[in-house]
Amino acid sequence: MTIERISDTMQRITCANGKEITLIGTAHVSRDSVDEVSKTIDEIGPDRICVELDTGRYKSKTEPQGWESLDIKTIIKENKGFLMLANMALSSYQKKLGEQMGVSPGDEIMQAASLANERNIPLSFCDREIQVTFKRAWRLSNGWNKIKLISSLLTAVFSKEEISNEEIERLKETNVLQSMLDEMASELPTIKKVLIDERDQYLASNIYMAEGSKIVAVVGAGHAPGLVAHMEKLDRKEVSSSVEHITKVPPASKSGKIFSWGIVVALLGIIVAGFIRSGWDQGLEMFLYWFGLNASLTGIAAILSLAHPITIIVSMAAAPITALSPTLGVGMVAGILEATMRKPRVRDFEHVSDDIMRFKGWFTNRIIHALFIFMTTSIFASIGTFIAFPLLISKLG
């Protein structure tokens, strides 16, 4: 394989079998990237175009989606509330950058797809399905990394800092991107592995194996170095082109289930020990401490989140009960109940990407509000459970 660097953003890769791949590394919110893609396709006249896009995202961008397709209750019931918030925050941040630059996120990718359709050039969607990527990132991350990920996304969403056009264009420079990825790897190694490394491999395999002798591939600049490195290994037959192992969502960790049940058993054991060692009155007092601590913290979360009064009352009553079930959290109860009491309106679905960027929107948009209540009550209830341990143990003495 030979690699010729044509410019800071473009490389021409000639494989051992003679296939020629022109790789364009773009910034997803850059007007220059859109223009560069059009110009390159015009000049090369490829027999196939490959894009960093999956079929699901392509359809969502090209086919009108009815607001009825988003079932907020099902999302919360399936315990995907945190994942949905992270997805919304990331999309909104990209949209905010795009509005500053006068383009929509991924316009250069869609431009490549559009030109392929206009000119009857075969088009390959080479990226992994976005839901698989998010689910793998979430399932493979520990609790602390999940909190850091959501915190980083929310900080970016609410940030008022303006990013200049020059800074956006700098994101296409390999050295700048590499330092950013190195920083992510040190802070969130699992997230970086799933979002960047695995997708580098997935994209490289699909582009390398795509039919055609003259291919133009359009990908985000952050993927270009890793993608080229993996293509070199594929060309030397050092690695397999199969990507099956990174397209599966791993099962829930057994250690996580064991830990959750261990918490339940330990709490019940402490309360039962109180009854046995100190009698009925002391045992009952310990149980009421436990009940009051969980209920009050959950109630505080619901009140601060401006939940519906019925949501507040039911969540407080349910908190101590759900805390004893690793599969049913109070956040699930609170979120579903809030979405029931305040049913999302058409306007909420239509403006979710704008509302999530405004602090007020987290309370006025009923979709975001239900997810917000799911998140706050889940976090506060968990805090209550861990605070309960030293408090109940001290009562045993």
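Pop out the Kirkwood hydrodynamic radius of segment 187-270 from its pairwise C-alpha distances, inverse of mean 1/r, in Å to one decimal.
15.7 Å
Using a ≥ b ≥ c from the Cα gyration tensor of segment 234-379 (square roots of the eigenvalues), is it rounded, prolate or oblate, where a/c under 1.5 gives rounded and otherwise the larger of a/b and b/c decides, a/b for prolate?
Details: a/c = 3.71, a/b = 1.24, b/c = 2.98.
Oblate, because a/c is 1.5 or more while a/b does not exceed b/c.
What area, in nm² and to one decimal, does the C-alpha convex hull of segment 288-356 cast on average over all directions?
Values: hull surface 21.0 nm².
Across all orientations, segment 288-356 yields a mean hull projection of 5.2 nm².
Could you tell me what percent of the accessible area of segment 356-397 is made up of carbon and sulfur, with a 1.4 Å probe and every protein chain present?
On the way: 1300 of 1740 Å².
Result for segment 356-397: 75 percent of the exposed heavy-atom area is carbon or sulfur.
Determine the per residue accessible area of segment 200-251 with all protein chains present and a 1.4 angstrom probe, expressed in square angstrom. Before the final figure, lay out each step's value.
Numbers: 2280 Å² over 52 residues.
On a per-residue basis, 44 Å².
What's the carbon and sulfur percent of segment 196-275's accessible surface, probe 1.4 angstrom, rounded to a whole number? Intermediate values should be presented prior to the final figure.
Values: 2350 of 3860 Å².
Answer for segment 196-275: carbon and sulfur cover 61 percent of the accessible area.
Between Glu129 and Arg358, with labels modelled 7 Å along Cα→Cβ, what's the label distance in nm to one decimal, could you check?
The two pseudo-label positions are separated by 3.5 nm.
Take Phe389 and Ile276, extend 7 Å from each Cα along the Cα→Cβ direction, and tell me the distance between the two endpoints in nm.
Going from the Phe389 label point to the Ile276 one covers 2.0 nm.
So what is the accessible area of segment 269-317 per residue, in Å², with the probe set to 1.4 Å?
Numbers: 2530 Å² over 49 residues.
That works out to 52 Å² for each residue.
As a test question: what accessible area, to the nearest 10 Å², does Met88 have when a 1.4 Å probe is rolled over all protein chains in place?
Roll a 1.4 Å probe over it and Met88 shows about 20 Å².
If you add up the charges near Gly335, with Lys and Arg at +1 and Asp and Glu at -1, over every other residue whose beta carbon is less than 9 angstrom from its beta carbon, what do you get? The partial results should precede the final answer.
On the way: positive: Lys73, Lys77; negative: Glu338.
Value of the local net charge: +1.
Could you give the length gained by full extension between Leu306 and Trp261, i.e. 0.36 nm per residue of separation minus their alpha carbon distance, to one decimal place? Working shown, then result.
Details: separation 45, 0.36 × 45 = 16.20 nm, distance 3.14 nm.
13.1 nm is the gain from fully extending Leu306 to Trp261.
The values are calculated or read from the model by the stated rules, or taken from the named source; none is laboratory data. Bear in mind that the values here come from a model prediction, so they are computed numbers and not experimental data. We place every Cβ from the backbone using ideal geometry, glycine too, and count neighbours over all the protein chains shown. Note: accessible area is taken over every heavy atom of the protein model, side chains too, but ligands, DNA and RNA are not part of it. Shrake-Rupley method; radii C 1.70, N 1.55, O 1.52, S 1.80 Å.
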